Amino acid sequence: MNVFWLEQTEPDLPAADDWLSVGELHVLRNMRFPKRRADWRLGRWAAKRAVTFCLGLPSGPEKLASLEIRAAASGEPEVIFCGRAAAVAISISHRSGVALCAVAPSGATLGCDLELIEPHSDAFTADYLAPEEQDLVLKSPSYDRALLVSLLWSAKESALKALHQGLRLDTRSVLVDFPLPSCDSAGWSPLRVRYGRDSIYQGCWSRSGNFLRTIVAATSLHLIPIELKSTKTRNGYADSSQARESLHS
């Protein structure tokens, strides 16, 4: 199973809203707070760009408006194209003017998260990390702790999305650990998440400046996500045939 990812920033967003569906426009207009509106809009844009790449769809506003990202009953996003469920699974995250979308074949168990590396209090660590994870933090050098706690939290967020639970589930019930350090050519390193006795999710993480990305999926394979390149052309955005051909590999 291949997993793809795409990031978009606020400068990538069109000024108009003609790429949103009627249902999405209704949701947007009912949001009271400007920051929430901006984050939601950026997340939808990143998701639509990633899905059109993977499905080989045109990227003009009219086609994007026929592609709707809805919240399912359990809260996770689902993709509807021309009134039917599209054959993809997605996860969306946004933070500080950046949005991340991960895409996998339909039916995949998938979660992603985008976080800033920042200090967290001892109370945060005690409230949200399991005892094993707290020990890992205590044993780490002090200069690494902000990175480690932020990474543990991000991996938990990704796993809780993959479980379709979000923060309804106690974050201490999902345990994050890291295999022997290794990093692929794109800068991704592996992680694992355990939930209960038998559920083990493979994941990975990468860092860009002060940002952390994590992606978690229910797969027995080492997860190496493939970046989608968003290339602007005179007529919009270039298609990604590689993603379309490889999505179900």
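The values are calculated or read from the model by the stated rules, or taken from the named source; none is laboratory data. If you're wondering where the values come from, they're calculated on a predicted model, not measured in any experiment. No Cβ is skipped: glycine too gets one built from the backbone with ideal geometry, and neighbour counts run over all protein chains shown. Keep in mind that these areas ignore ligands, DNA and RNA; they rest on the heavy atoms of the full protein, side chains included. Shrake-Rupley method; radii C 1.70, N 1.55, O 1.52, S 1.80 Å.
Taken along its three principal axes, the alpha carbon spread of the stretch 28-156 comes to 53, 33, 26 Å, from the longest extent down to the shortest.
Over all distinct Cα-Cα pairs of the stretch 116-219, the Kirkwood formula returns a hydrodynamic radius of 13.9 Å. List the lysines whose Cα sits under 20 Å from the Cα of residue 229, skipping any in the same chain fewer than 8 residues away. Counting by Cα, and skipping residues close in sequence, residue 229 has these lysines nearby: 48, 63. Apply the membrane-span-like helix rule to the chain: whole DSSP H runs, Cα extent along the own long axis of at least 20 Å, mean Kyte-Doolittle hydropathy at least 0.0. List the helices found. Flagged H segments are 145-162. When only Cα pairs below 8 angstrom with a gap of at least 6 residues are kept, the chain shows a relative contact order of 23 percent. Per-residue packing, averaged as other Cβ atoms within 10 Å, sorts the ranges 1-9, 165-173 into the order 1-9, 165-173, beginning with the highest. Taken about its Cα centre, the stretch 1-127 carries a charge dipole of roughly 500 debye when the Cβ of each Lys and Arg holds +1 and the Cβ of each Asp and Glu holds -1.
Counting only the Cα atoms, the chain fills a convex hull of 139 Å³ per residue. Taking trypsin sites (Lys or Arg not before Pro) across the stretch 29-77, the ones in a DSSP loop with at most 14 further Cβ atoms lying within 10 angstrom of their Cβ are 32.
For the stretch 91-161, the alpha carbon convex hull comes to 97 Å³ per residue, rounded to a whole number. Taking all protein chains as shown and a probe of 1.4 angstrom, residue 112 keeps an accessible surface of around 0 Å². Comparing 18, 39, 144 in a Gaussian network model of the chain where C-alpha atoms under 10 Å apart are linked, the largest mean-square fluctuation is found at 144.
Converting phi to 3J(HN,Hα) with the Karplus coefficients 6.51, -1.76 and 1.60 and the offset θ = phi - 60°, the stretch 105-119 yields x, 3, x, 5, 9, 9, x, 9, 8, 10, 9, 8, 7, 8, x Hz in sequence order, with x at every glycine or proline. Global size of the stretch 1-90: 12.6, 39 Å for Rg and Dmax (C-alpha atoms, Rg to one decimal, Dmax whole).
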